[in-house]
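These notes are about the structure you will find just below.
Values in this text are rule-based calculations from the coordinates and carry no lab data. Being a predicted model, the structure only gives us computed values, none of them experimental. In this analysis, Cβ positions are derived from the backbone assuming ideal geometry, glycine residues included, and neighbour counts consider all displayed protein chains.
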Amino acid sequence: MIATSLGPAPADVLLADGSIAVIRPLHPGDSPGLHDLHEQVSDDAIRMRFFSVSRHAAHVYVDHVLSDPETLTLVAERHGRLIGLATAEPMSATRYEVAFLVSDEARGHGVGTLLLEHLAALALGRGITTLEADVLTENHAMLTVLSGAGYTSRREFDVGTVVLTLGTATSAETTALADAREFHAEARSLAPLLHPGRVAVVGVREDGTGIGATVLRSVIAGGFTGEVVAVHPRARDLAGVPTYASISEVPGPVDLVVICVPAAYALDVCHDAVAAGVHAAVVVSSGFGELGPEGARMQHELAALARAHDVRVVGPNCLGLLLNHPDLRLNATFNDTVPPAGGLAVASQSGGVGIVLMDLAHELGLGVHTFVSLGNKADVSSNDLLAAWYDDPEVTAAALYLESFGNAAKFARFARRFARRKPLLAVVGGRSDSGSRAGASHTAAAATPGVGVDALFAQSGVIGCRDAEDLARTALLLDQQQLPRGRRVAIVSNAGGMGVLAADAATDEGLVVPEFSSQLQARLASLVQGTTGTSNPVDAGAGVAPRQLAEMVDAVLGSDEVDAVVVVPVATGVSDGSATMSELTRVRGGHPGIPALAVPLGGLPDAPASEHPITTYRTTASALRALGRAVRYAEWLEADAAVPPATPPEEAVAARRVARDLLGDAGTRWLGATETTRLLAAYGLHPSGHTAHSAAAAVRAAQAVGLPVAVKVTDPGVVHKTELGLVRTGLRTVGQVRDAYRDFRDALGHAPEVLVQPMATGTEVALGLVRDPSMGPLVMIASGGVATDVWNDRAFLVPPVSQAEGARAVDSLRISRILHGFRGAPAGDVAGLHSLITALGRLAVDVPELAELDLNPVMVSPAGCVVVDAKVRLATPVGPDTSAPRQLRPVP
């Protein structure tokens with residue numbers, strides 16, 4: 001009998017040297033490879049693993065692994081050869097003994113750590129919470145792997161050995177360490193793509209027409225500092241560069257190949273590139289996954305070939321690649337516009353949007369470091385690029401245009417890590433809701449695609465923008481200005497109406513336009529005679545001279561009363577536009593720590609270049625929109641970055657076991673009240689009260705909880721119970737309880753299950769969860785009761801959720817003023833509400849079978865929080881699974 005070790009699907013992983021391996025379950029055909037692995041490793045490796053140098057014992061163990069269905073087994077495979085083995089054998093139902101073996105040539109590249117990560121996740125999914133390993137004290141490499149992965153551990157020493165005990169649950173530490181390793185590996189893997197010394201362009205027509213010839217001309221015109229060659233089966237000199245019949249014939253190594261041939265020939269070119277040892281390719285060619293099944297098949301084959309030989313691929317169906325830093329200057333695109341060199345790294349899933357972004361950067365003078373057109377994302381994704389750009393000192397910010405996230409949970413982690421170090425801007429296409437979501441819960445109906453994106457961005461520190469122009473102008477502000485220290489903004493203009501409109505735009509962005517102190521107002525009045533307004537916005541008057549206007553701005557910048565200044569100079573017949581902008585730039589240089597923006601109108605020129613420039617905009621709305629985004633990003637950086645709480649692994653395993661048991665073989669089902677309580681009770685999210693299935697039982701339940709009571713039907717198929725008369729409240733006698741049950745029975749035509757609850761008072765809040773197929777789980781906090789459908793007063797979060805994130809979401813609601821005590825009323829148990837929100841986030845992570853949940857209403861009073869009603873739908877997990885093993889990408 002062959003042990004199949006059913007578990008996670010095979011996953012590509014990056015090793016520390018940048019090569020690609022596959023971690024997968026054991027296959028029936030792995031016997032020769034597994035024996036070969038144990039035969040080829042050194043005697044010292046055998047001794048460290050088996051505590052002796054007996055090859056016979058090693059091969060006996062291989063036979064045992066291959067035949068024992070109780071042993072959890074994962075292997076690491078690279079280039080068709082097994083390079084690692086991880087096993088876990090039962091010691092008890094929740095405790096397994098683990099062992100690892102890594103081939104000699106793969107040691108030191110992270111194979112053991114990656115096997116441990118995936119084995120721990122596989123074990124946890126089976127309900128195994130503890131792993132134990134016996135390691136020789138001299139086996140420093142394995143001790144480092146086991147103790148350095150971040151899992152909770154305990155050491156016990158015996159004669160010559162160390163017994164290590166590890167928990168299988170991931171933690172903030174395990175995730176952070178794993179992500180750090182992956183960031184390093186991505187940088188190594190993508191080095192040939194992002195730092196090539198020699199580039200080959202394939203698909204250049206001899207007559208100079210077509211995309212291939214255009215790309216080659218772009219490379220030449222851009223002044224690529226490395227060496228470029230062309231590949232053509234017949235020509236020997238294209239565009240003045242050396243030309244060869246195949247990549248294999250190019251003398252010396254090629255780092256990057258740009259493929260512009262028709263899709264049908266692209267795979268042949270990739271085979272040639274693999275044979276020549278190329279490790280990076282940009283496939284500009286179209287005609288792949290975007291055109292249907294046959295194109296998808298070719299794309300699949302291309303990706304599989306590339307990954308099998310450690311080749312990283314951008315595209316296919318893309319605009320190309322621009323490496324704009326001065327030491328490279330590679331424009332391998334078919335777009336002529338090249339922006340100035342700078343620190344912004346850009347990735348776009350759309351070639352058209354990429355062209356617009358490059359044009360805008362060129363127009364605005366926004367410095368770009370790298371531009372990658374992702375195309376169909378057969379391999380390289382935005383996640384990969386964020387990892388590679390993270391430690392690049394020349395990349396100061398990143399901007400993304402995305403139409404899909406791939407692994408949204410991974411994007412959230414990578415984005416948060418990146419945004420803590422450098423600004424990350426993004427535009428997401430396809431966010432509109434083309435219709436109401438098909439779902440019976442209030443949460444599902446409210447969770448539009450845009451809602452999930454906004455929630456993910458807000459928690460991850462991503463600066464979300466409306467469109468390409470919005471992104472470019474916000475990036476320009478972040479490039480030229482310091483981050484604001486707060487929300488206070490001064491508006492200074494020589495046209496009062498424009499100042500008023502600018503103040504309105506600032507308020508719309510959540511900025512504060514404070515009234516200046518009397519001292520500052522007096523100072524401004526003394527600078528310009530005839531000033532019509534000094535309180536903020538400042539109206540300097542149409543006749544103000546350039547130097548006078550600049551002195552006013554200088555006074556405001558130096559006042560310590562604002563965090564940013566927006567100047568709106570308007571051309572008049574008595575003003576000198578050039579002098580105005582020059583004077584403003586002069587005084588701005590004395591206050592480099594405060595953002596300064598200008599909106600010159602009526603034909604005034606932009607502010608001149610300066611070491612500390614004024615960022616120029618064409619409209620006050622765009623200027624203040626960019627400033628508002630910078631303020632919110634600065635606040636996110638300063639906010640509490642506390643780690644969300646995690647459920648103890650034993651409890652998480654038990655919760656998922658309950659969910660699987662309740663779901664059974666059904667693809668999806670709504671739970672009854674008793675089942676709901678069974679699932680939610682461990683998290684403190686279950687409704688109060690007792691269930692009953694008859695009038696007599698309802699009376700007994702009412703007497704148990706204490707009159708007065710509420711009685712409601714718990715049929716999971718009923719959405720709006722109140723409107724249907726299936727809820728009775730304030731029942732003060734057993735006779736009223738008995739009558740209510742009988743009325744429900746008559747209305748429904750059968751004896752229903754009811755929930756009998758003590759009456760609860762307080763502010764009604766709704767909590768909910770929905771699992772989006774692409775985004776994963778979303779937690780909702782909203783005004784509760786009937787207000788849920790009437791008020792648009794809700795916030796969404798991506799679990800897991802920290803206390804601080806839950807608190808910020810609650811405070812963002814209009815209802816928060818009531819929760820905190822309005823007009824002298826006592827405050828509700830807001831801290832208890834925060835705890836419910838974090839518990840709901842834990843439940844979403846622990847139980848991927850939880851598809852929809854509504855807790856509505858939750859009554860929040862000074863005495864505590866009471867869940868009054870709950871609806872739960874379970875379903876077979878589809879899409880991102882937050883409890884699944886970490887993985888780079890699925891194997892094609």
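Structure notes:
- Ordering Gly33, Gly573, Pro857 by Cα displacement along the dipole of the chain toward the positive end leaves Pro857 in first place; charges were set at the Cβ atoms of Lys, Arg (+1) and Asp, Glu (-1).
- Counting only residues at least eight positions apart within a chain, or on another chain, the lysines with an alpha carbon under 19 Å from that of Lys422 are Lys410.
- Region 11-93: GluC sites (Glu not before Pro) in DSSP loop, at most 12 other beta carbons within 10 Å: Glu70
- Using the Karplus relation 6.51 cos²θ - 1.76 cosθ + 1.60 with θ = phi - 60°, the per-residue 3J(HN,Hα) values for region 685-698 come to 10, 7, x, 6, x, 10, 8, 8, 10, 7, 4, 5, 5, 5 Hz, with x marking Gly and Pro.
- Relative protection proxy for 697-708, 619-630, from highest mean packing down: 619-630, 697-708 (other beta-carbon atoms within 10 angstrom).
- Leading residue at positive end of dipole, the chain (Cβ point charges), from Leu319, Phe516, Leu116: Phe516
- Partners for Lys721 among lysines (Cα-Cα distance below 19 Å; same-chain residues under 8 apart left out): Lys712, Lys871
- Evaluating 6.51 cos²θ - 1.76 cosθ + 1.60 at θ = phi - 60° for every residue in region 405-417, the Karplus couplings come out as 9, x, 9, 5, 5, 5, 4, 4, 5, 5, 5, 4, 5 Hz, glycine and proline recorded as x.
- Dipole size of region 1-135 about its Cα centre, with +1 on Lys/Arg Cβ and -1 on Asp/Glu Cβ: approximately 180 debye, rounded to the nearest 20.
- When +1 charges are put on Lys and Arg Cβ atoms and -1 charges on Asp and Glu Cβ atoms, the dipole computed for region 552-675 relative to its Cα centre reaches about 480 debye.
- Dipole of region 763-857 computed with +1 at Lys/Arg Cβ and -1 at Asp/Glu Cβ about the Cα centre; of Leu797, Ser816, Ile837, farthest Cα towards the positive end is Ser816.
- Overall form of region 624-750 per C-alpha gyration tensor (a/c, 1.5; a/b vs b/c): prolate
- Percentage relative contact order, region 568-624, counting C-alpha pairs under 8 Å, at least six apart: 39 percent
- Inter-part distance where region 757-813 and region 824-880 are each reduced to a Cα centre, Å: 8 Å
- 3J(HN,Hα) along region 108-113: x, 10, x, 5, x, 5 Hz, from the Karplus curve 6.51 cos²θ - 1.76 cosθ + 1.60 with θ = phi - 60°, whole Hz, x for Gly and Pro.
- When you restrict to C-alpha pairs under 8 Å that are six or more residues apart and normalise by the size of the chain, the relative contact order lands at 8 percent.
- A simple charge model with +1 on the Cβ of Lys and Arg, -1 on the Cβ of Asp and Glu and nothing else charged puts the dipole of the chain at about 1820 debye relative to its Cα centre.
- Against the set (i) 28.6, 99; (ii) 31.9, 99; (iii) 35.6, 116, the structure's computed Rg and Dmax of the Cα atoms in Å falls on (ii).
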